[in-house]
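Asks: Got a structure for you, questions after.
The values are calculated or read from the model by the stated rules, or taken from the named source; none is laboratory data. This is a predicted model, so every value here is computed, not measured. Cβ sites come from the backbone with ideal geometry, for glycine too, and all protein chains shown count toward neighbours.
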Amino acid sequence: MTSSVEAGVVGARRVRARGEALLDPGSGEWSRAQEVAIPLVPTPLDRQPSAYVQVAWADRPRGDIREVGVAALVNAGTLAVRLAWSAARPNRFISDVNVHPDACAVLFPANGSGFEYDSMGSPSRPVNGWHWRAGTEEPFAITATGIGTVARATEHDVKAAARWSDGVWQVVLARALAAEGVPLSHDMTVPVAFAIWSGAAGERAGLKSYSPRPHELRID
Amino acid sequence: MASTQSPQHQFAMVFDLNKCLGCQTCTVACKTQWTRGTGMEAMWWNIVNTMPGRGTPRDAFELGGGYRDGEPVPGRLPGRADWGEAWDFDYDEAFSPSSESSYLRPREHDGSAPRWGPNWDEDVGGGTYPNSYFFYLPLLCMNCTKPACLEACPRDSIYRREEDGIILVDEERCHGYRFCLEACPYKRIYFNEQRAIAQKCISCYPRLEAGVAPACVRQCPGRVRHVGHLDDPDSHIHKLVKKWKVALPLRPDFEVEPNVFYIPPTMPTAFDENGEFDEEASRIPLKDLRKWFGPGVDHALATIEAEREKVAGGGQSELMDLLISRNWQELLGPYTEDPGELPTPRRQ
Ligand code: SF4
């Protein structure tokens, strides 16, 4: 446990654990991390890029998940971020035409600073993220330059592991510090934002809960 | 999200409901050509439903989508139970029967007997004897001029081709969110659960580009299907839709301006309560016909009736000649190339 935590700052504590242990959400290593509760809000409806979505969701509750617990660990070469949230009725995969999977994402400014998290980046300030979708083995490494522009990298080094038990999802997203994407290294702080999609609530695309302000991720 | 500009031409179809046999040759032609890949087992990009019926998927036209007074109408996503699964069949039992009552039983993935599927209510129909009625309604992507699917997609994964107005899903862009399926009032978009992408009729555009008519059109033994460009005044399409005004959009109240048009069903004469012909009555309630084909249906049916009479009396009728299409190639518009004469494309 870290001794002091500033509100909303996620510390990635340095550990000697092997990469596989970091990737295991249930591994004992995670008891060494300080989980920070990050409040989430629904994404604004007027920013949804289609009239259909705006009308169809005008009277529907959005942003089902209002808090995500975030913890982080780093070893010699890999950063792992663990997201945990309550999901009483998990959608573990696309089990039907009308079933949407639970999902989560961690978002960074692609260049490490100048974070336009609210608009999913802009052409001059792209964002880079790690996106896990329940039932999909590989997570997606994404970049975006605005709402509706998310593009998935065909090759990337982001890994994910997830488990659901007792009504809680725990998802670890990890990437080698030196790999493609947002620049990451020891002894640095990078802005970060979080999003959760509740499949049971029909959330997908821009319909989600997100952290309405950027947070800091301090990597030891 | 995206706006749609007017294409150079508008690809369109006219289906003559008075000739459709309900044989599903079109459906199978499409299946064989396009939907044999991963996750496409239960897809029928073209389907022929029996009307009045609940449709494919179940209650297709009651699930929302399209527009009302220009505003999008929220839609509901049908589930697998509404679409029907790709059934398995107990071939072993059928070929080596254990009892005289054995037959080729369809089974769902969990072994249960199917409870719904494409054109499930085929033999129901409507009306009461002796004024019973039914007709077949072929359905596929309508390549709408106001495509609700395209507007609904937050990722611009659906586009309207500039050359012919055909609506296509970019499978590379699609992230499987399914707003398009909610927004399509005809529910003619399928969701590939395994690939997590939307897929639908592509109007056989690779065939069109080689001058070959769509598979469903070329294979139709009923000569039901006319194809061509709506904006070509010499085309069957233009003549039937614009000149004779006998080919009508389906459910124009959905406000999506479809580019598939239907010759509405004329019916055998109705009987009155004494068992006599009632020339005034319609077997299909007129209010239903107007709901399905819009206010133009009265004029269309009257025109067809009058032109039929003319021919029956020994006269000539351009409209009847168009509908009969004695030379079947006339149905194909500009797409008359014989696929058998073309080099076989390499499989990807
Ligand atoms: S192939 Fe032609 S006649 Fe047969 S169901 Fe299709 S449209 Fe009707």
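Asks: Looking at B:Ile304, B:Ile263, which one is modelled with pLDDT of 95 or more and over 30 Å from B:Leu150 (Cα atoms)?
Replies: Matching residue, one of B:Ile304, B:Ile263: B:Ile304.
Asks: Related question: Among the residues of region B:177-193, write down those that are touching a residue at least 60 places away in the same chain (Cβ under 8 Å) and either of a type in the set (Asp, Glu) or farther than 15 Å from B:Gly39 by Cα (or both).
Replies: Residues satisfying the conditions are B:Arg178, B:Leu181, B:Glu182, B:Ala183, B:Cys184, B:Pro185, B:Tyr186, B:Lys187, B:Arg188, B:Glu193.
Asks: Which pairs have Cβ atoms under 6 Å, sit 6 or more apart or on different chains, and link a residue in region B:101-116 that is farther than 11 Å from B:Glu85 by Cβ to one that is assigned to a strand (DSSP E or B) and at pLDDT 90 or above?
Replies: Here the result reads B:Leu104/B:Phe89, each pair linking region B:101-116 to a residue that is assigned to a strand (DSSP E or B) and at pLDDT 90 or above.
Asks: Going by what's in this entry, would B:Asn131 be described as buried (at least 21 other Cβ atoms within 10 Å of the Cβ) and either under 19 Å from B:Pro57 (Cα atoms) or more than 12 Å from chain A (Cβ to nearest Cβ) (or both)?
Replies: Answer is no for this residue.
Asks: Continuing with this model, one more query. B:Asp16: within 16 Å of the ligand (Cβ to nearest atom) and either touching a Pro at 6+ places or on another chain (Cβ under 7 Å) or modelled with pLDDT of 95 or more (or both), yes or no?
Replies: yes
Asks: Is one or more of the residues making up region B:60-68 without any contact (Cβ under 8 Å) to a residue 24 or more places away in the chain, away from the ligand (no atom under 16 Å from the Cβ) and either closer than 21 Å to B:Asn259 by Cα or over 15 Å from the mean Cα position of the chain (by Cα) (or both)?
Replies: yes
Asks: Assess whether A:Glu116 counts as being more than 14 Å from chain B (Cβ to nearest Cβ), within 30 Å of A:Ser185 (Cβ to Cβ) and in contact with a Ser or Thr (Cβ under 6 Å, 6 or more places away or on another chain).
Replies: yes
Asks: Further question: Find the residue count for region B:163-194, including only residues that are buried (at least 22 other Cβ atoms within 10 Å of the Cβ) and among the polar types (S, T, N, Q).
Replies: Summing the residues that are buried (at least 22 other Cβ atoms within 10 Å of the Cβ) and among the polar types (S, T, N, Q) in region B:163-194 gives 1.
Asks: Taking the residues in region A:76-112 that are touching a helix residue (DSSP H, G or I) at 6+ places or on another chain (Cβ under 6 Å) and surrounded by fewer than 19 Cβ atoms within 10 Å (Cβ to Cβ) as candidates, determine which candidate is nearest to the other protein chains (Cβ to nearest Cβ).
Replies: The qualifying residue nearest to the other protein chains (Cβ to nearest Cβ) is A:Asp96.
Asks: Among B:Asn143, B:Asn119, which is the only one that is at pLDDT 95 or above, out of contact with any helix residue (DSSP H, G or I) (no Cβ under 9 Å at 6 or more places or on another chain), among the polar types (S, T, N, Q) and part of a loop (DSSP other than H, G, I, E, B)?
Replies: None of the other options fit; the residue is B:Asn143.
Asks: Mind listing just one residue for me: the one in region B:53-95 that is within 16 Å of B:Glu255 (Cα to Cα) and away from chain A (no Cβ under 14 Å) and, of those, surrounded by the most Cβ atoms within 10 Å (Cβ to Cβ)?
Replies: Of everything passing the filter in region B:53-95, B:Phe61 is surrounded by the most Cβ atoms within 10 Å (Cβ to Cβ).
Asks: Something else about it: Return yes or no: is B:Ala29 touching a residue at least 12 places away in the same chain (Cβ under 8 Å), within 13 Å of another protein chain (Cβ to nearest Cβ) and either more than 16 Å from the ligand (Cβ to nearest atom) or touching a Cys at 6+ places or on another chain (Cβ under 8 Å) (or both)?
Replies: no
Asks: Continuing with this model, one more query. In region B:250-330, which helices (runs of 4 or more DSSP H) lie fully inside it and hold 3 or more residues that are touching a residue at least 60 places away in the same chain (Cβ under 8 Å) and touching a helix residue (DSSP H, G or I) at 6+ places or on another chain (Cβ under 8 Å)?
Replies: Passing ranges, in order: B:318-324.
Asks: Something else now. Checking the conditions here, which among A:Ala153, A:Ala141 is surrounded by fewer than 20 Cβ atoms within 10 Å (Cβ to Cβ), away from chain B (no Cβ under 11 Å) and hydrophobic (A, V, I, L, M, F, W, C)?
Replies: One residue alone meets the criteria, A:Ala153.
For (1) of a type in the set (Val, Ile, Thr); (2) under 17 Å from the mean Cα position of the chain (by Cα); (3) assigned to a loop (DSSP other than H, G, I, E, B), each residue gets a yes or a no:
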{"site": "A:Ile147", "(1), (2), (3)": "yes, yes, yes"}
{"site": "A:Ala160", "(1), (2), (3)": "no, yes, no"}
{"site": "A:Leu173", "(1), (2), (3)": "no, yes, no"}
{"site": "A:Ala178", "(1), (2), (3)": "no, no, yes"}
{"site": "A:Ser185", "(1), (2), (3)": "no, no, yes"}
{"site": "A:Ala193", "(1), (2), (3)": "no, yes, no"}
{"site": "A:Ala200", "(1), (2), (3)": "no, no, no"}
{"site": "A:Arg213", "(1), (2), (3)": "no, yes, yes"}
{"site": "A:Leu217", "(1), (2), (3)": "no, yes, no"}
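Asks: Okay, next question. Within region B:32-45, is even one residue farther than 28 Å from B:Thr128 by Cβ, near the ligand (Cβ under 10 Å from one of its atoms) and either at pLDDT 95 or above or hydroxyl-bearing (Ser, Thr, Tyr) (or both)?
Replies: Scanning region B:32-45 turns up no residue that is farther than 28 Å from B:Thr128 by Cβ, near the ligand (Cβ under 10 Å from one of its atoms) and either at pLDDT 95 or above or hydroxyl-bearing (Ser, Thr, Tyr) (or both).
Asks: Take B:Glu163 and tell me if it is at pLDDT 95 or above, more than 24 Å from A:Gly148 (Cβ to Cβ) and away from the ligand (no atom under 16 Å from the Cβ). So that I can check it myself, show each step before the final result.
Replies: Numbers: at pLDDT 95 or above: yes; more than 24 Å from A:Gly148 (Cβ to Cβ): yes; away from the ligand (no atom under 16 Å from the Cβ): yes.
The answer is yes for B:Glu163.
Asks: Can you tell me which residue among B:Val246, B:Val224 is in contact with a strand residue (DSSP E or B) (Cβ under 7 Å, 6 or more places away or on another chain) and within 16 Å of the ligand (Cβ to nearest atom)?
Replies: On inspection, the qualifying residue turns out to be B:Val224.
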